[in-house]
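The values are calculated or read from the model by the stated rules, or taken from the named source; none is laboratory data. Not measured: the values here are computed from a predicted model. Counting neighbours? That spans all protein chains shown, and the Cβs are built from the backbone with ideal geometry, glycine included. Note: areas computed on protein heavy atoms with side chains; ligands, DNA, RNA excluded. Shrake-Rupley method; radii C 1.70, N 1.55, O 1.52, S 1.80 Å.
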Amino acid sequence: MKKSILNFVTVFALSGVLLTSCSSNDDDKKPTSTFTADPANFQGKITDGEVILDATKTYKLTGAIKVENGATLTIPAGTVIEGTGGTAAYIAVAQGGKINVNGTAAKPVIMTASVKAAGKWGGLVICGKAPINRDNGKTTTATSEVAELTYGGTVANDNSGSIKYLRIEYAGAAFNTEKEFNGLSFFGVGSGTTVENVQAYYGADDGFEFFGGTVNTKNLISIGNEDDQFDWTEGWSGTNENWYGKLDFGKGNRGIEADNFEFGYAFAPISNPTITNLTLVGPGSTASTANFQENQAIKLRRGTKAKFSNVVVTAWATGVDVENDETIAFVGTDLKITNILFGADIATKTKGKKTDGTSANVSAVAVESASATGAGAGIAQPTWAAGWSVGF
């Protein structure tokens, strides 16, 4: 009798496990989208469900792809998306939408252009619900300067998806002289979003730009972009590991351009990222300023904070430039670079300028170390970049 009861209980319990397992798997499945992805004419709005691309096909991005609230775009390893049409061709993820880029080191996802030249398509734009500081707390949201989508909010851990092993090439199409796409633009993106092993290559504006938010990153490469390799503003505070930046192709600006906010140097939340393991390679200390503008490895201004450690910079006219009273006030405490190796071709290691234009001693911003390795191998290609990145 007891044996029968036990057998019944055991079978019932196992059945419950099986039922629970089946139910869980069913719940994990995303509904099919009503959107159909046409590889020959890839454009339109994804408004529902999940769209999974086919890695055996090349997708011709002829217009904008917008992933709207509640929808997901999933891109398998090895997929190629080829942009055409300048500013009309870009991929944008709206608040509440998700993008999953599932590349691998052997088979990265490549977003490129049909014409292999800077600025031939827009780029990737992601808009989240994490905090920004554009209005110093009076409002929590704003409209992105490209794609015209709402971003910002109060959800610090907002999740816009997962991006792994992605190479973005020849982006940065310009609307006008003041407005153009970056390779990858983060607008109020939250810390629930995964960003690992991503390269921005030969774009016409910045490689990566952060407009507020709390997104964290790992293993970013920015090579040959014609403005800054990395840029942040609007109160971004993320934790980052392994960044490699290099000016190339005869044009560019800075390795890093860092602001709190252009129209409110003390607006909160204050930009305050942490960057561990950083290499920035410039065009040479005597490179023409006509082609390379200010030729600076790291520009810190407009009230930003930041903590850097294990940094290598080489071949720049200026290593670290700190500007504006609000920024200078943080030097040595909330604004500091520990264990930095200045290469032989650095004309000026540190330089400071107050808001009134007079010079300031900001040498305390940098603590030197001859043993710094930067992104992993000094100025050489780091091991984590092998196989999926280009341009070293």
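Below, the figures for the structure above:
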{"item": "Output for segment 202-222, where each listed residue is surrounded by fewer than 24 Cβ atoms within 10 Å (Cβ to Cβ) and either of a type in the set (F, W, Y) or part of a strand (DSSP E or B) (or both)", "result": "K218"}
{"item": "Failed item in (1) open to solvent by less than 40 Å² (accessible area, probe 1.4 Å); (2) modelled with pLDDT of 95 or more; (3) assigned to a loop (DSSP other than H, G, I, E, B), with T333 passing the rest", "result": "(1)"}
{"item": "Number of the exception - V198 against (1) open to solvent by 10 Å² or more (accessible area, probe 1.4 Å); (2) modelled with pLDDT of 95 or more; (3) on the phi < 0 side of the Ramachandran plot; (4) not basic (K, R)", "result": "(1)"}
{"item": "Selected residue (criterion: farthest from the chain's Cα centre (by Cα)) from residues of segment 355-372 that are open to solvent by less than 70 Å² (accessible area, probe 1.4 Å) and among the hydroxyl-bearing types (S, T, Y)", "result": "T358"}
{"item": "Pair list, Cβ under 7 Å, 6 or more apart: segment 305-319 residue closer than 26 Å to A266 by Cβ, other residue open to solvent by 10 Å² or more (accessible area, probe 1.4 Å) and not in a strand (DSSP E or B)", "result": "K305/I270; K305/N272; K305/F330; K305/D334; A306/N272"}
{"item": "Pairs where the first residue, in segment 374-392, is within 20 Å of V311 (Cβ to Cβ) and the second is β-branched (V, I, T) and loosely packed, with under 15 Cβ neighbours inside 10 Å, C-beta under 9 Å, 6+ apart", "result": "G376/T383; A377/T383"}
{"item": "Criterion: surrounded by fewer than 22 Cβ atoms within 10 Å (Cβ to Cβ), of a type in the set (A, V, I, L, M) and assigned to a strand (DSSP E or B) - qualifying residue of V51, V115, V101", "result": "V51"}
{"item": "Condition check for E226: open to solvent by 20 Å² or more (accessible area, probe 1.4 Å), at negative phi and outside any loop (DSSP other than H, G, I, E, B)", "result": "no"}
{"item": "Subset of segment 54-74 (residues that are of a type outside the set (D, E, K, R), assigned to a strand (DSSP E or B) and in contact (Cβ under 8 Å) with a residue 24 or more places away in the chain)", "result": "T58, L61, T62, G63, A64, I65, V67, T72, L73, T74"}
{"item": "Some residue of segment 248-257 being modelled with pLDDT of 95 or more, open to solvent by 50 Å² or more (accessible area, probe 1.4 Å) and not in a strand (DSSP E or B)", "result": "no"}
{"item": "In segment 321-330, the residues that are assigned to a loop (DSSP other than H, G, I, E, B) and either under 18 Å from I379 (Cα atoms) or open to solvent by 20 Å² or more (accessible area, probe 1.4 Å) (or both)", "result": "A329, F330"}
{"item": "Top-ranked residue of segment 283-320 - restricted to ones that are in contact with a helix residue (DSSP H, G or I) (Cβ under 8 Å, 6 or more places away or on another chain) and assigned to a loop (DSSP other than H, G, I, E, B), ranked as surrounded by the most Cβ atoms within 10 Å (Cβ to Cβ)", "result": "T304"}
{"item": "Residues of segment 260-282 satisfying the condition of being in contact with a Phe, Trp or Tyr (Cβ under 7 Å, 6 or more places away or on another chain) and either of a type in the set (V, I, T) or open to solvent by less than 20 Å² (accessible area, probe 1.4 Å) (or both)", "result": "N260, F261, S271, P273, I275, L278, T279, G282"}
{"item": "Residue list for segment 173-190, filter: surrounded by 24 or more Cβ atoms within 10 Å (Cβ to Cβ), part of a strand (DSSP E or B) and among the aliphatic types (A, V, I, L, M)", "result": "L184"}
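Conditions tested, residue by residue: (1) under 15 Å from the mean Cα position of the chain (by Cα); (2) in contact (Cβ under 8 Å) with a residue 60 or more places away in the chain.
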{"position": "N242", "(1), (2)": "yes, yes"}
{"position": "D248", "(1), (2)": "no, yes"}
{"position": "K251", "(1), (2)": "no, no"}
{"position": "I256", "(1), (2)": "yes, no"}
{"position": "D259", "(1), (2)": "no, no"}
{"position": "A266", "(1), (2)": "no, yes"}
{"position": "N272", "(1), (2)": "no, yes"}
{"position": "I275", "(1), (2)": "yes, no"}
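Per-residue answers, yes or no, for (1) buried (at least 24 other Cβ atoms within 10 Å of the Cβ); (2) over 17 Å from T87 (Cβ atoms); (3) in contact (Cβ under 8 Å) with a residue 24 or more places away in the chain:
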| site | (1), (2), (3) |
| --- | --- |
| G128 | yes, yes, yes |
| T139 | no, yes, no |
| E145 | no, no, yes |
| Y151 | yes, yes, yes |
| T154 | no, yes, yes |
| K164 | no, yes, yes |
| R167 | no, yes, yes |
| A171 | yes, no, yes |
